[in-house]
Every structure is written in C-alpha cells, then in structure tokens.
Amino acid sequence: MEAALDALARGLTEARLGFEAVAPLLQPWATVVALSVIAVSGVQNVIYAVQLILAAAVLVRRTAVVEASALDWLYGDVILPISLLVPAYNEAETIEDVVEALLALDYPLFEVIVINDGSTDATFERLRARYGLQPSTRAYADALPHAPVRGVYAAPEHPRLIVVDKVNGGKADALNAGLLLARMPLFASMDSDSLLEGDSLTRIVQPFVEDPDRVLAVGGTVRAVNGCEVERGQVTQLRLPRSNLARLQVMEYIRAFLMGRLGWSQLGVLTTVAGAFGVFRRSAILAIGGYRRDTVGEDYELVLRLHRHCRETGRAYRVVFVPEPVCWTQVPETWRGLRAQRLRWQRGALETFVIHWRMLFNPRYGRLGFLAMGHNLLVDVLGPLAETLGYVLLPFFWAIGALDTDWMLAFVAMIFTFGVFLSLGALALEEMELKRYPRARQLMVLTAFAVLENFGYRQINNIWRIQGSWQFLRGKRGQWGVIPRSAFRR
Amino acid sequence: MSAPLSLWLISLAFLAAAFGLLAVLIALRLLEGIRLGRRLHLADRHRYLIHRAMRADLPRGHLRLHVAPMRAFSKALAQDPGDTPGLLNVAYSYTRGDIARNFRRGRPRRRLRYMHVMAHFPARNVRGVLRRAMVRERDPRLRLAAAKALGDMGALPGLHRTLRLLRTEGAAFQRVLRSVLRRLPANRRPEVMRALAEARCPHVRLICVDVLGQSGDRSVIPSLIRASRDADLEVRAGAVRAIGRLGDLGGSRAVLAALADPAWEVRCQACFAAGRLRLVRALPALEMLLHDRNWWVRFRAAEALYGIGGDARAGLRDLAAQPNAAGRVAQAVLLERDAA
C-alpha cells in the first residue's frame, strides 16, 4: 500500500515536472472548466435536493389509505372504468404471465387490450392458443394515425380481454390503435413485461376520483421484479435481484420515482409518466391527437404535449404522481440490454426536448418552462457532457498542477459525495414512509448499492447518454428497444 | 478556507448525516424484527387461549380478561342470533377504549383506518366520534371517510348539514361525496328533491340528481324531468341518464327532448336512456342522430336502435348498407352486437 502511494506521488511529481512550463498557462482555463463543471453539477444537485425535500414533505403529510380493504370501502363504488393497453412486440416469453396477471386484477371495471405490433416471434400464437381467441368486431372511430389492423380478437371465456393484431409500427403506433379501441374513460399504458399489484388500479385511479375535472394523467411507481417470486402474476416474495446490475437499477428506480417524480408532481411540473404504468383520461389524450409516432420517448413526449396544450388553452389541469400503486417490471440484467435501453431513453429525451424546445424558459409556460424544461436541459443535454468533461479534464489538470486540490475536492464533492447523499436520502425516505423491502438485510444491501451506483455505474450511464445524443444527432430513429426478456421467477 | 474546500466539507457533513440516518433506520428495522417475532409469539399464545376458552378450560388467571366479553357475546347471541350490529357493539364495548385512544393519537392514515373499523359499530358514542371528525378533520378525505362511516350506519345528518360539515366545495371530491350521499336514508329524499330545485351551485344539483337516480324510487321522476332542463349540461346529462336508469316511461318526454339537446354529452345520455326505455317514439330522432357530427352520439344512437329491437333494428340493418358515417357506425354496432 505504502509502495503504491509512493509510486503515485512520484508519478504525480514527474507529471508536474513534465508540464511545469505549460501548467501556469493552463491554470486559468483549468479553473474555468472546473467552475463550469461544478456549476452544472451543483445546480443539478440543488434541484435534486429540492425534489428530495418536497418528496419528504408530501410523504409525511399525505393521508395515504394503506389497507386495501379501507381503500375499497372509501372508493370502491366510485372508481372509474379503465382500459389497460398492453402493446407487445416479440414478448412471447412473458406475455401469457402478464395477461393472466392483468385479468386477475382486483378491480371491478376494466378491460385488457393487448396490441400485438407485428411480432416476429410467437407472441400472438401463444395468446391465441392460451385464450382460444376468436375474430371479433369492435366499433371504433378511426381518429388517430396507426398502421393497419389485421384483426381484432376476443376471448370467449374472458370477456375482458381484447387482442389486436396489427402491422408493425412501433410502440406509439400500437398505443394509438389500442386507444381507439378502448371504451373506458381512463386508459393505462403498460409494458408487456410488467406486472401490476392487485390493488394498484384502485390506488392509481384515486386522484381521478378525487379531482375528476382537473386530473388528466397519473403515474405510479415502477419497481424491479427481478429476483422476486411471482405466483399467478402477483409478487408473493419481495426479494432483491441476484444480479448486481439489476440491484443498481433497483436503487436507481427508487431515487427516480420517489424523489424526482414525487417532488415535481408536488410543484405541478411532472413531465414524465412512466410508459410502464401511467393512467390517462382518454378524452384528453384523443383531444391532443394521441401518441406521436416519430419519437421513441412517446410517454415523455405525450405528457409534455398534454402540459403544453393545457397551458396554451388555459385549461385547469393536473398531472400527478402517486407512490403507492406499484408496477413490477423486468429490468435488464445484461450490460448490452441496459445499454440499448439507455440509448433509446436518451434519444427519446432529446427528440422530445427538440420538439418542445420553445417551452424552455418561456414565461408563457410558467414553472414548467423554467423548472421542468430547465431541468431537462441540464440532465439530458448539458449534464452528461459537463460531467464527462470533468472526469477527463479535471484529474489531468490537477495531475499536472494546473488545478488546485481544493477545486478537485469540490468536483469530487459535487459528483460523488452529494450523489451518494442523494441516493441515501431517497432510500431513507423509502424506508421511513413506504417500507417496501421487508428485511433489514435488504436495507443494508440497498445502502451499499446506493453508494456503489455513484462509482462506475453513474459514469457508464453518462457515456451511454453521450452515445445516445450522438445517435440522435446522426438522425438514428429507433422503434422498439430490443431487451432480452426471461419468464418471471415462480 | 476557500469556497471549493468549504463545498467539500459541507458535502462530507451531508454524507455523514445521511449515513447516520440510514444506520438508525437499519437499527430500528432490526429491533422491529425482534419485536415482530415476540408479537407473533403472543398472537400464537392468544389463539391458544381462545381455543381453550372455547373448550371451557381457560386458566383461572385469564378469566376476568377473556370470559367477560365472551359471556356478553353469548348473551347477545342467545337473545337474537341474527343481530349482527348488536354483536358488533358488544365487541366494540370491550375495545372502544383502545379505539378512541388510538383514534385521537394516531396519524391521519391511522384515523382513516379506525373510521373504516367504526363503520361496523353503530353505537351512539361512535356516531358522536364520527360527527366530530366530520367537523374537525382538516383533510377532506378524512371528513368524507367519517361521513361514509355514518352513512353505512344510516346516521348521516341530512343533505344540507352533511354538505356544510364536509366543506368540499368545487369539483374536487364530488364523486366520493356523491357515493357518501347515496347513503342518505329514504326519509331524507324530499330534502334532496327540494335541493335539486333550489340549489344555486351546479355541483349540489348534480349530487342531488345522482342520489335520486340511484334511489330506485320512481316517485323522483318529476324532479329529474325538471332537472333535464337545467342550465348546466352535466346536470342535464345526469338527469337524463338517471331517468333511463330508473326505467320509468313517465320520463320519456324529457328523454325525447334531450335527444335534440345542443350538448353532445346530453344527446349521448338521451340515446342511452331511449335504448333503456325502449322508446319507439324516439326512432325518428335516433335515426337522425346516426348522422350526428359526434362519433359517440352516432354510436350510442345505433346502440339504442339495436336495443329497441324490432323495426328499429331492421332499420339499422338497412342503414348499414349506406356508404356514409351513419352506415359505418350502424355496420360496426351490428357486427359487434350480433357477434355478442
């Protein structure tokens, strides 16, 4: 150890000697770069800290109905009917489990519409064999653009199930087709690798019931199902994933949903309702023309367009996040799968940002233009670049003596120390108010991963974000992300 | 100390605080695990005692604690085996100390849980606790839960008083409020009909329409007919739907008039009502509505024609051959309904 430290010190001294002449010249530039990187990261941290405080305030003050029986008692006879839209592309591995789980949901009025978006695997055949699908007709107003529908099918023994078989057109296209066929006043967009908790629909509909005139969209929490035991489509044993990569994502999801979305929801600037589990008022989405088919960030774009439309037309509205309803989703367990997902997310974020850039710092859109769009500019556009620049340049400047150790420490504080603090803060909030993970050991493991995600995982994500941005600039447009799926663990 | 260095030190302080908090939470979780183990052990023991009590060989020391409520239970059971509220009240009388104490001390979510429990105990003092909660609770959810519990007992204080106590103005919580007020006893119905005629606020009128529509009482039809001419479109739509739901032909003229309403929402509900009432007199109007500019009105009109059956359905089949919007919707409804 001592020898290694000596070698490092020697190397540092030699490097400094090598750059002795250049270092003073580079010093002002190094300080400017350090200041810029620290400023961008600092603003991001301040925003995250505000989100954390807001989320804590909401969670402590709210009157959540914890027991499902009390929830049923209070809201059971006023719930709103809901159509569950499940777009599926090559999901033969999980589709049967997912549909079975949805049909078993504890909710009195719902229909499940699975949209097979021209899958090249056995997705449709499996559904046909399992549910004995028969051709059916369902009247609908063809008011949204979508690829041709090859057929609509019903399951004689499951009147709640409708399967649409259509030509491939992408997730947004499939959702548009499902949206037209839906008959209920609310619809939920879902992923075909996700499971809903039994009472999640009653919980997510609660804001619509309480404020029916204004609430247009509600997002629920998405959690990783990897490692959990699943029986008849319901999570029966909550466990952490075995894969470390999935564990890192568990922590990432806790931070993103509990802190980010709850905080923004409180300020009325929530711009993301997860594609895996979001409920919308159908009429409002039809009024804005449904999903846009030219972006892979269709969920983010839809919500932002909804905000924009309401603000431009002066309609009183709310887009809300509620932490209790949970959708369990499979997160990628391979670096390749995760990379594909993150590249798609980044492209989607940038596509949406470019479509709606006029909202940025535009007083017409109030807080939304300044806070939400400003935050998106920082996180999606400037943040990854600035942070990566910091990782490359600042240690170099410090090594050659062009940057003071104080500045280097400030950079480390901004990226690592505050990063770990925010992750731990989100985890503490989860533990104090939701207590989803039942064992102390799980909490300890998550604490370790809250620290670890800031060393390596965060940096790799940054690189993927930059790669995603590059793909976007080169005009790459994707459709469905190809992420390997596996059957749920029984 | 330089600014960058102070940033570093501040971040370390934050980090230490977060680690400290997590350490406390983990320790609490470990303690909770131990306590839970003990509680489970106690629960097992409790179950064992109940089991022995049922076999009448309870240990002497537990007599006072367990036998008194059981005697009261068996007495109430002997008096009237079907008297569930009476039995529940006996149970409540032995636990009310705990419930009242926890109700006062608990966080809002716990109070809500107790209100749910209290809904099963129609004792006078429970009503008092719930009425006080209707007045005092800050959160409208809790006030509504208290009102709902009272409604379940048939002890809601009347429309105007309930509305005043609940203080839920505007559109928020109206749906829950309506479900609460559906529990108003039948003898309060004249008050609701008066409110429907006199209330200035459209939300109150909408509540009244809903309460009357759900009552199943056909004597409320004249009030609903008057409401079908209301200035507020939601009240009109609600009234027409309620007439359809009650299925009384006495409201048919109001339904016929509503088929020509300027608001598509009202026309839609009128189509539904015409179908439910099998209003043959509405056939010309329904056929006209197959050409309405709103798809939902066209669709509901076609559904109503199919529902009326006979000549109406035959006419719908003829229309289905036409190459226009009416033909398309007629065709779609026929395909869908015939298949079903």
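For region B:4-16, a residue qualifies if it is within 11 Å of A:ASP406 (Cα to Cα), more than 8 Å from chain A (Cβ to nearest Cβ) and open to solvent by 50 Å² or more (accessible area, probe 1.4 Å), and exactly one does: B:LEU9. Summed over region B:161-207, the residues that are of a type in the set (D, E, K, R), away from chain A (no Cβ under 11 Å) and part of a loop (DSSP other than H, G, I, E, B) give a count of 3. If the condition is being open to solvent by 60 Å² or more (accessible area, probe 1.4 Å), of a type in the set (D, E, K, R) and outside any strand (DSSP E or B), then region A:220-249 contributes A:ARG232, A:ARG239, A:ARG242.
Please verify whether A:VAL322 is within 14 Å of chain B (Cβ to nearest Cβ), surrounded by 18 or more Cβ atoms within 10 Å (Cβ to Cβ) and in contact (Cβ under 8 Å) with a residue 24 or more places away in the chain, treating the condition exactly as stated. Considered against the rule, which asks whether it is within 14 Å of chain B (Cβ to nearest Cβ), surrounded by 18 or more Cβ atoms within 10 Å (Cβ to Cβ) and in contact (Cβ under 8 Å) with a residue 24 or more places away in the chain, A:VAL322 comes out as yes.
Of the residues screened, A:ALA104 is one that is open to solvent by 10 Å² or more (accessible area, probe 1.4 Å), on the phi < 0 side of the Ramachandran plot and more than 14 Å from chain B (Cβ to nearest Cβ).
For region A:252-274, the condition holds for no residue, the condition being that it is in contact (Cβ under 8 Å) with a residue 40 or more places away in the chain and farther than 30 Å from A:ARG308 by Cα.
Here A:THR31 meets each of (1) more than 14 Å from chain B (Cβ to nearest Cβ); (2) in a helix (DSSP H, G or I) with one exception, condition (1).
Among the residues of region B:320-332, the ones that are touching a helix residue (DSSP H, G or I) at 6+ places or on another chain (Cβ under 9 Å) and more than 14 Å from chain A (Cβ to nearest Cβ) come to 2 in all.
Scanning region B:272-298 for residues that are under 18 Å from B:ALA260 (Cβ atoms) and within 14 Å of chain A (Cβ to nearest Cβ) turns up B:PHE272, B:LEU290, B:ASP292, B:ARG293, B:ASN294, B:TRP296, B:VAL297, B:ARG298.
The condition (being in contact (Cβ under 8 Å) with a residue 40 or more places away in the chain, open to solvent by less than 90 Å² (accessible area, probe 1.4 Å) and under 25 Å from A:PRO159 (Cβ atoms)) is satisfied by just one residue among B:ALA304, B:ALA330: B:ALA330. Only one of the numbered conditions (1) open to solvent by less than 30 Å² (accessible area, probe 1.4 Å); (2) in contact with a Leu (Cβ under 7 Å, 6 or more places away or on another chain) is not met by B:GLU265, and that is (1). Exactly one residue among B:LEU196, B:LEU212 is over 22 Å from A:VAL209 (Cβ atoms), among the aliphatic types (A, V, I, L, M) and modelled with pLDDT of 90 or more, and that residue is B:LEU196.
Would you say A:LEU52 is touching a Leu at 6+ places or on another chain (Cβ under 6 Å), touching a residue at least 40 places away in the same chain (Cβ under 8 Å), open to solvent by less than 30 Å² (accessible area, probe 1.4 Å) and within 11 Å of chain B (Cβ to nearest Cβ)? Here the answer is no, as A:LEU52 does not meet what is asked.
Evaluate the following for A:LEU382: is it away from chain B (no Cβ under 11 Å), part of a helix (DSSP H, G or I), open to solvent by less than 40 Å² (accessible area, probe 1.4 Å) and not small (Gly, Ala, Ser)? Spelling it out, it is not the case that A:LEU382 is away from chain B (no Cβ under 11 Å), part of a helix (DSSP H, G or I), open to solvent by less than 40 Å² (accessible area, probe 1.4 Å) and not small (Gly, Ala, Ser).
What residue, among those in region A:28-43 that are out of contact with any Phe, Trp or Tyr (no Cβ under 9 Å at 6 or more places or on another chain) and within 22 Å of A:GLY374 (Cβ to Cβ), is least open to solvent (accessible area, probe 1.4 Å)?
That would be A:VAL40.
Looking only at region A:420-432, which residues are touching a residue at least 40 places away in the same chain (Cβ under 8 Å) and buried (at least 17 other Cβ atoms within 10 Å of the Cβ)? Explain how you work it out, then say what you get.
Kept after step one, since they are touching a residue at least 40 places away in the same chain (Cβ under 8 Å), are these residues of region A:420-432: A:422-423, A:425-427, A:429-430, A:432.
Answer for region A:420-432, where residues must be touching a residue at least 40 places away in the same chain (Cβ under 8 Å) and buried (at least 17 other Cβ atoms within 10 Å of the Cβ): A:LEU422, A:SER423, A:GLY425, A:ALA426, A:LEU427, A:LEU429, A:GLU430.
Name the strands (runs of 3 or more DSSP E) wholly within region A:126-211 that hold at least 3 residues that are out of contact with any Cys (no Cβ under 6 Å at 6 or more places or on another chain), in contact (Cβ under 8 Å) with a residue 24 or more places away in the chain and more than 14 Å from chain B (Cβ to nearest Cβ)? Outline the logic, then answer.
Working: elements: A:134-136, A:149-155, A:158-166, A:186-190, A:194-196.
Of the strands (runs of 3 or more DSSP E) lying wholly inside region A:126-211, those with at least 3 residues that are out of contact with any Cys (no Cβ under 6 Å at 6 or more places or on another chain), in contact (Cβ under 8 Å) with a residue 24 or more places away in the chain and more than 14 Å from chain B (Cβ to nearest Cβ) span A:158-166, A:186-190.
The values are calculated or read from the model by the stated rules, or taken from the named source; none is laboratory data. It should be emphasised that the depicted structure is a prediction, and the values quoted were computed from it without experimental measurement. Glycine also receives a Cβ, built like all others from the backbone with ideal geometry; neighbour counts cover every protein chain displayed. Accessible surface is based on the protein model in full, side chains and every heavy atom, while ligands, DNA and RNA are left aside. Shrake-Rupley method; radii C 1.70, N 1.55, O 1.52, S 1.80 Å.
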